[in-house]
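Structure record follows, encoded as structure tokens.
The values are calculated or read from the model by the stated rules, or taken from the named source; none is laboratory data. Note that the structure is predicted; figures quoted are calculated from it, not measured. Methodologically, a virtual Cβ is constructed for each residue, glycine included, from the backbone with ideal geometry; neighbour enumeration extends over all protein chains shown.
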Amino acid sequence: MKDYKSLIQQYEIDVYPRRDVTLVKGENSKVWDDQGNEYIDLASGISVANVGHCNPKVVDAITQQAKTLITCPNTFYNDAKAIFLEKLFSIAPKNLTKAFLTNSGTEAIEAAIKFARANTKKTKFIAAMKSFHGRTYGALSATHKKEYREDFEPLVPGFSFVPFNNFEKLEEAMDDDTAAVILELIQGEGGINIGQKEYFQKVRELCNQKNVLLIIDEIQTGFCRTGTMFAIEQYGIEADMMTLAKSIAGGFPMGALLCSDKIKIEKSKHGSTFGGNPLACAAGTAAIDFMLETKLWEQAEAKGKYFKEKLSSFNLSKVREIRVVGLMIGIELKEKPQQTIVELLERKILSLPAGVTVLRLLPPLTISYEELDKAIEILAEVLA
Ligand SMILES: *Cc1c(COP(=O)(O)O)cnc(C)c1O
């Protein structure tokens, strides 16, 4: 057997903090390494595998489409794209009527920033502290974390940061040159920080008054993760633009920017070679069909409640607080989560960090109760 680890260490630019495991296979909420060890995946590739790893419906759709047409220039119409867009808008918030399709989350954010600039002719953006919106220059400029920004400055000018859930500070930061406010409803990377409904309603109201666009980033919260198809449904507000990616196509790379009627963009002002390619669209249609057929948002809600109740019944001396929305789980620890993540990996559980002291869990929403019980048991021991 080849030494996969050495090959990657030799040839790949070393930007990722590595876990010492080589994953080769996945099925629903389980993954396997090259030694045949089985793991419970409580990370889903950061909420990518919401419909489970190698979901049969998604696999079939990709296989069929791969035999039919893999690539199609965006200057031509295409059947797989037409079907996907119809499906996507059957579940999207009703005020969002047009999409720009991308290959990733950061590209959806780039499109949102460019469209906001073009539509408002203004140049400033307000984002939240602890935000994460991606790694390309525009998205990075909206991302708060110092370690991600330093070495790459100067970034795109005009971005300022305000404390999350603090309306007064946001109001103070806004001026006549503010094009848009860009926010996550629940900050993922930043530590599973839950946005308050009242805060978002006030922000929406202020944006209306000041003619400022509201961009909502649902890249991590979208597609049933929080117990509704999109988290915004729980906030009673409308976004002018909404970004999607991660679980949109069952694990296949894809992203989308959804826009309201307000947003207009001239022909040839933006584009993408691969965005909305037939394979991604076929995978996306299948993933959304699966979510609808299984009412996946209800499963997320029920399993999240079950998880919180059951885990909370243990004496967890390492834990300060457990924050749960659907199956978006943040366990606030009394220390950095790295040691816990390593211990969980030794016990064959995949997990994630967030913020400074948060253990983040984003299981496939299809995870069985049996698997969930097994995971809770191990978590209770590791966090005791
Ligand atoms: C992951 C993520 C992004 C970036 O998406 P990529 O596909 O990695 O570019 C942006 N915003 C949020 C909230 C995310 O979770």
**OP:** Being among the hydroxyl-bearing types (Ser, Thr, Tyr) and either free of Cβ contacts under 8 Å to residues at least 24 places away in the same chain or in a loop (DSSP other than H, G, I, E, B) (or both) is the filter here, so list the residues in region 169-223 that pass it.
**Re:** Thr221
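When you go through Ala127, Ala118 one by one, which is the residue that is within 17 Å of Leu257 (Cβ to Cβ) and surrounded by 24 or more Cβ atoms within 10 Å (Cβ to Cβ)?
On the way: Ala118 fails: surrounded by 24 or more Cβ atoms within 10 Å (Cβ to Cβ).
Among Ala127, Ala118, only Ala127 is within 17 Å of Leu257 (Cβ to Cβ) and surrounded by 24 or more Cβ atoms within 10 Å (Cβ to Cβ).
Every residue in region 99-132 that is near the ligand (Cβ under 9 Å from one of its atoms) and not hydrophobic (A, V, I, L, M, F, W, C), please.
Just the residues of region 99-132 that are near the ligand (Cβ under 9 Å from one of its atoms), to begin with: 102-109, 131-132.
Correct list: Thr102, Asn103, Ser104, Gly105, Thr106, Glu107, Ser131.
Restricting region 328-340 to residues that are touching a residue at least 60 places away in the same chain (Cβ under 8 Å) and aliphatic (A, V, I, L, M), which is farthest from Ile376 (Cα to Cα)?
Restricting attention to region 328-340, the residues satisfying the condition of being touching a residue at least 60 places away in the same chain (Cβ under 8 Å) are 328-330, 332.
Subset that is aliphatic (A, V, I, L, M): 328-329.
Numbers: Met328: 15, Ile329: 12 Å.
Among those residues, the one meeting the criterion is Met328.
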Original post:
Quick one: Cys281 ticks every box in (1) in contact with a strand residue (DSSP E or B) (Cβ under 9 Å, 6 or more places away or on another chain); (2) part of a helix (DSSP H, G or I); (3) under 20 Å from Asp373 (Cα atoms) bar one, so which box is it?
Top reply: (3)
Subject >> Of the criteria (1) more than 20 Å from Val48 (Cβ to Cβ); (2) assigned to a loop (DSSP other than H, G, I, E, B); (3) within 16 Å of the ligand (Cβ to nearest atom); (4) among the basic types (Lys, Arg), which one Arg135 fails >> reply: (1)
Subject >> Single unsatisfied condition, Gly188 versus (1) within 13 Å of the ligand (Cβ to nearest atom); (2) surrounded by fewer than 22 Cβ atoms within 10 Å (Cβ to Cβ); (3) not acidic (Asp, Glu) >> reply: (2)
Subject >> Residues within region 33-58 that are outside any loop (DSSP other than H, G, I, E, B), surrounded by 15 or more Cβ atoms within 10 Å (Cβ to Cβ) and either of a type in the set (A, V, I, L, M) or in contact with a strand residue (DSSP E or B) (Cβ under 7 Å, 6 or more places away or on another chain) (or both), tallied >> reply: 7
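Would you call Pro364 in a loop (DSSP other than H, G, I, E, B) and at pLDDT 95 or above? So that I can check it myself, show each step before the final result.
Working: in a loop (DSSP other than H, G, I, E, B): yes; at pLDDT 95 or above: yes.
Yes: the conditions hold for Pro364.
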Subject >> Residue within region 299-317 that is in contact (Cβ under 8 Å) with a residue 24 or more places away in the chain and either part of a strand (DSSP E or B) or not assigned by TED's automatic domain parsing to the domain that holds Asp33 (or both) present >> reply: no
